[in-house]
């Protein structure tokens, strides 16, 4: 690990700390966007309501970061760019929000219709197979032969 001189440590913005803070803030914003996208998808929010949730999540995560780190010198001392950098979600995080939103919406709400149609198709197939097998079993032992004749004769 490289040692730093006292001159470098006394600078207003010490570059390794700025890089670490920027990386931590970027990770926090990304996870916040993904979490908000999953919540919006599970709740089934559409259009403007989903983006309102994204804006609320950005403001809430910014407030948490500000409260957690906004000691003595204010947020401008810890985050390069100040409040605008803290509140700005970034295009990558907005894209991640939309991606996770559509993924969870499709899994929870889109697949439920396909799954119900698929299960209905299996149920109809099972009913047809079970009825046919049951009829063959009963007619094999001489039971239900009258039913078989009446069904055949009724056509």
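The values are calculated or read from the model by the stated rules, or taken from the named source; none is laboratory data. What you are looking at is a predicted structure, and each value in this text was computed from that prediction instead of being measured. Cβ atoms come from the backbone with ideal geometry, glycine included; neighbour counts cover every protein chain shown.
Could you tell me which numbered condition residue 79 fails, if it satisfies all but one of (1) over 26 Å from the mean Cα position of the chain (by Cα); (2) within 19 Å of residue 95 (Cβ to Cβ)?
Here residue 79 clears every test but (2).
Taking residue 138 as the residue in question, decide whether it is farther than 16 Å from residue 28 by Cβ, assigned to a helix (DSSP H, G or I) and modelled with pLDDT under 90.
Yes.
Taking the condition out of contact with any strand residue (DSSP E or B) (no Cβ under 9 Å at 6 or more places or on another chain), in a helix (DSSP H, G or I) and either at pLDDT 65 or above or surrounded by 12 or more Cβ atoms within 10 Å (Cβ to Cβ) (or both), does residue 99 pass?
Yes; evaluated as a whole, the condition is true for this residue.
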